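This report concerns only the one structure given below.
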Amino acid sequence: MGRPSPVGALGRARSVLVTFFELVKFEHTVFALPFAYLGVVLSAEGRPPGAVVLWVTVAMVGARTTAMALNRVIDRHIDARNPRTRSRHIPRGTVSPRVAWGLAAVFALVFALAAAQLNPLAVKLLPLALAILTVYPYTKRFTWLSHFVLGLALACAPAGGWVAVTGRLDWEAVLLASVVVFWVAGFDIIYALQDLDFDRREGLKSIPVRWGMEGALAAARASHALTVVLLAAVWRLLGLGPVFLAGVAVIAGLLFYEHALVRPGDLSRLGVAFFNVNGAVSVLLFIFTLADLYLAGA
């Protein structure tokens, strides 16, 4: 009996890794991680300790992987009935529910380990963060406010980054979290448009189901308008400079472009609106913030 081929073992390991990244949509970390760093650099005035940045990164990977694994396993029966999502790993049988539950548990422990390296308040807030991540997938079953619960889940990123540095949940952290709540809710409302007919048949709750496509787009526009207002409040109340304000203007332009891409009856560019534009929003806002802080301190 021959020895196992190293090439074959490497191929299997690569296949498992690819499946993991696909299951948890690892590339979507771009939405949340820059906001966690935003909380870190603003609270540290642009010069955070390296250890804090490291453990915040570990915490974010742990939290987001936990959230996605939970979302996939909790929604597996709904995903199996939805033509858009029935090819996901759990419905098609390439990943078992047991493995997904195990993945969520392992990365929840990673999240907890990272929080323990930060400060006591981070540990105290950990159960609340995990509760929000766990509850979110169920919300579409009983409330159209599910988009805002998703926003609250991602809003833990800047608030957590702030707490990681200061050991306090200051009003500035709450303001940053509010920006994320309405930004995420706005783009999630748009994203939910593609499942409007399915959600109606299944009795699921969403703003598109409650108010239709035009009403949903109006709600998304209102959420993103409020996002820009809250960003302007961050600039004013935190005493930031012209570079951050220029960033707010760029973000406003990107959000305007996002809404120009999606119209009632035409969702053909929804993917660009959802991933490309919103990925740019989070990354550019962090870059503008960092540039503002470093220029102010130069």
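Only one residue in Ala67, Ala63 is surrounded by 15 or more Cβ atoms within 10 Å (Cβ to Cβ) and touching a Leu at 6+ places or on another chain (Cβ under 6 Å), so which one is that? If you could, list the steps in order and put the result at the bottom.
Numbers: Ala63 fails: touching a Leu at 6+ places or on another chain (Cβ under 6 Å).
That would be Ala67, the only listed residue that is surrounded by 15 or more Cβ atoms within 10 Å (Cβ to Cβ) and touching a Leu at 6+ places or on another chain (Cβ under 6 Å).
Residues in region 125-151 that are farther than 21 Å from Asp199 by Cβ and free of Cβ contacts under 8 Å to residues at least 24 places away in the same chain: Leu126, Pro127, Leu128, Ala131. Checked against (1) under 30 Å from Thr94 (Cα atoms); (2) more than 18 Å from the chain's Cα centre (by Cα); (3) at pLDDT 60 or above, Val41 passes all but a single condition, namely (1). Selection over region 163-204 of residues that are surrounded by 15 or more Cβ atoms within 10 Å (Cβ to Cβ) and not in a helix (DSSP H, G or I) gives a count of 2.
For region 205-213, state whether one or more residues are assigned to a helix (DSSP H, G or I) and within 20 Å of the chain's Cα centre (by Cα). Before you say what the answer is, go through the steps one by one.
As a first pass, look at region 205-213 and keep what is assigned to a helix (DSSP H, G or I): 207-213.
Filter once more, so that each one left must be within 20 Å of the chain's Cα centre (by Cα): 207.
Yes, region 205-213 contains a residue that is assigned to a helix (DSSP H, G or I) and within 20 Å of the chain's Cα centre (by Cα).
Could you identify the single residue in Leu240, Leu231, Leu290 that is outside any helix (DSSP H, G or I), of a type in the set (A, V, I, L, M), under 30 Å from Pro48 (Cβ atoms) and in contact (Cβ under 8 Å) with a residue 24 or more places away in the chain? Walk me through how you get there before you give the answer.
Working: Leu231 fails: outside any helix (DSSP H, G or I); Leu290 fails: outside any helix (DSSP H, G or I).
Among Leu240, Leu231, Leu290, only Leu240 is outside any helix (DSSP H, G or I), of a type in the set (A, V, I, L, M), under 30 Å from Pro48 (Cβ atoms) and in contact (Cβ under 8 Å) with a residue 24 or more places away in the chain.
Residue-level check: of (1) assigned to a helix (DSSP H, G or I); (2) surrounded by fewer than 15 Cβ atoms within 10 Å (Cβ to Cβ); (3) at pLDDT below 95, Ala246 misses just (3). Against the conditions (1) in contact (Cβ under 8 Å) with a residue 40 or more places away in the chain; (2) touching a helix residue (DSSP H, G or I) at 6+ places or on another chain (Cβ under 6 Å); (3) farther than 22 Å from Leu113 by Cβ, Ala157 satisfies every one except (3). The residues in region 79-89 that are in a helix (DSSP H, G or I) and either under 21 Å from the mean Cα position of the chain (by Cα) or at positive phi (or both) can be counted, and the count is 2.
Report yes if Val283 is surrounded by fewer than 17 Cβ atoms within 10 Å (Cβ to Cβ), at pLDDT below 95 and within 24 Å of Val40 (Cβ to Cβ), otherwise no.
On the way: surrounded by fewer than 17 Cβ atoms within 10 Å (Cβ to Cβ): yes; at pLDDT below 95: yes; within 24 Å of Val40 (Cβ to Cβ): yes.
So Val283 passes the test.
Evaluation of Pro48 against the conditions (1) assigned to a helix (DSSP H, G or I); (2) at pLDDT below 95 shows that the sole unmet condition is (1). In region 132-154, the count of residues that are more than 19 Å from Val180 (Cβ to Cβ), part of a helix (DSSP H, G or I) and over 21 Å from the mean Cα position of the chain (by Cα) is zero. Got a number for residues in region 91-108 being in contact (Cβ under 8 Å) with a residue 40 or more places away in the chain and either touching a Pro at 6+ places or on another chain (Cβ under 6 Å) or over 24 Å from Leu204 (Cβ atoms) (or both)? Qualifying residue count, region 91-108: 4.
Just one of the listed residues (Thr166, Thr134, Thr143) is among the hydroxyl-bearing types (Ser, Thr, Tyr) and closer than 24 Å to Leu217 by Cα, namely Thr143.
The values are calculated or read from the model by the stated rules, or taken from the named source; none is laboratory data. Just so it is clear, the model here is predicted, and its values are computed rather than measured. Here Cβ is always computed from backbone atoms with ideal geometry, including for glycine, and neighbour counts include all displayed protein chains.
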